[in-house]
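A short worksheet on the structure shown next.
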Amino acid sequence: MTFLTSQTFSSRLSPPEGFSGWMTEARALLRLSGPLIITQLAQMAILATDVVLLGRLSSSALAAAAIGNTVYYFCWLLGGGPTSAVAPIIAQMLGRFPGQMDGPRAVARMGLWVAIALPLMLVPILLSTEWILSHLGQEPALARDAGKFAAMLCFGLPFTFGFQVLRNFATALERPRAALYVMLASILFNGLLAWTLIFGHFGLPRLGIVGAGIATSSSAAFAFLVMLLIIRLDPLLRAVRVFDRFREPDWAQFVELFRLGVPIGVTMLFEAMLFNSMTLVAGTFGAETLAAHQVALNFASVTFMVPLGIAMAATVRVGLFAGAEDLAGTRRAGFVAMTVGAGIVVLFGVFMAFGGEAIARLYISGRTPADLQVIAYAALFLKVAAAFQLFDALQVVGALSLRGLKDARWPMILAGGAYWLAGAPVCVLLAIGLQLGGLGIWIGLAFGLGVAAAAMCLRFHLLTRQPSLAA
């Protein structure tokens, strides 16, 4: 067996009781979540770089990549569940046996097996992108270019999942800066390579949207390889020896990754489908409403990276205490994360409520009547987003705290009900039935997220007041 000194992990558990215990937990949470937040923002910067470069190429290339990415995102969500399960499984192991690395090594090893196996199921979907989009009524030329783009993303899929496995492994061992360094390097690598391949610089052919796909996949491979290098350089991560006996299966952990991960992926899919569907509904109310919807949604997505990073840290913190069978610590870790996440986004909400027009003008600089209408709509939607942000923060922290308990099936059910039995009908009723248009969509989205937040937080409360934790 491989052991690391238990003092390595002593700072994670057994904080003092009372107010000082809550403050100690808050500091531990913020230390872990800070790099995770910046990593999420760096990932958004990479996506923004691709959008800008493709927009400079042509509007049709940008549109083709956008619809191609919808198919890719669907595959990524399905595969992202099992890779996300790595963090809570390892965290509970470390909470139960601090310093004992055989279990975390097996989980990381099987996670990489999963990263190899998942593309075998998902690549055929990506290769069918043109057929899928054509049968969904997209323009033939756009569907064809989207198919070329998605085909180039296939070879990067194993590296994408592999990076997520290694990132979650490092996060569970409280080494979140590892992925941060990778993402910062990837911003430069992706930007330079995409610019080179899309426009044909340095003597290379001008590949257009195909070049964008090659750059994206190459960036995924780059991130995976650099993550391996960082694991090799970090003393704690290197000591785990992730690749020892790599060809030796651990079928129990392999199955556990899918048992926990598939519901996680479906939960993420439920939410993503709601937002994608409501974007299509917003498009039926005209270009100005759709543009304003996209402005408000993009800004809310950027600010959402903060509670998402806190939620990812909550998975580890809750998992550590749950593994140690410390019910009070588990409960404290979850509710500290909810309090911190909600408190931070309240500040964002105030800015959205009173500075919506200024935010919209960051995206829309024109002075035409249509532009002014977009700004007015976006400012209105951002007022709703002030409440939307609070609910979104609570639901994601609640859901990922439950993930730390290895509770995934009920959050999937609760998410499906909140988004599709509550949120979607209210969106349609208000937007179309009561003719509120885009405002109705945003009120409905806020309502659905509010139901999800209440359901996730209540379930965490009920589970952590019981004498035994869900497993």
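Tabulated results
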item: Some residue of region 430-451 being more than 30 Å from Ile375 (Cβ to Cβ) and not assigned by TED's automatic domain parsing to the domain that holds Ala91; result: yes
item: Sole residue being over 21 Å from Gly79 (Cα atoms) and either of a type in the set (Lys, Arg) or at pLDDT 90 or above (or both), chosen from Leu229, Leu257, Leu225; result: Leu229
item: Verdict on Val114 being touching a residue at least 12 places away in the same chain (Cβ under 8 Å), in a helix (DSSP H, G or I) and within 13 Å of Phe169 (Cβ to Cβ); result: yes
item: Among residues of region 126-174, those that are among the polar types (S, T, N, Q) and surrounded by fewer than 24 Cβ atoms within 10 Å (Cβ to Cβ), counted; result: 3
item: Any hit, region 64-80, residues being farther than 22 Å from Val165 by Cα, in contact with an Asp or Glu (Cβ under 6 Å, 6 or more places away or on another chain) and in a helix (DSSP H, G or I); result: yes
item: Output for region 316-361, where each listed residue is surrounded by fewer than 18 Cβ atoms within 10 Å (Cβ to Cβ) and closer than 19 Å to Thr289 by Cβ; result: Glu357, Arg361
item: Those residues of region 81-100 which are in a helix (DSSP H, G or I) and not small (Gly, Ala, Ser), in sequence order; result: Pro82, Thr83, Val86, Pro88, Ile89, Ile90, Gln92, Met93, Leu94, Arg96
item: Where Ala212 falls short, out of the listed (1) surrounded by fewer than 22 Cβ atoms within 10 Å (Cβ to Cβ); (2) over 20 Å from Leu394 (Cβ atoms); result: (1)
item: Cβ pairs under 6 Å, 6+ apart, first in region 80-93 and more than 14 Å from Ala117 (Cβ to Cβ), second of a type in the set (Ser, Thr, Tyr) and crowded, with 24+ Cβ neighbours inside 10 Å; result: Ala87/Thr171; Ala87/Thr315; Pro88/Thr315
item: Qualifying position, being farther than 29 Å from Pro176 by Cα, surrounded by 15 or more Cβ atoms within 10 Å (Cβ to Cβ) and in the same structural domain as Arg167 (by TED's automatic domain parsing), among Leu53, Leu36; result: Leu53
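The values are calculated or read from the model by the stated rules, or taken from the named source; none is laboratory data. The structure presented is a predicted model; accordingly, all values stated were derived computationally and were not measured. For neighbour counting, all protein chains shown are included, and Cβ atoms are generated from backbone atoms with ideal geometry for every residue, glycine included.
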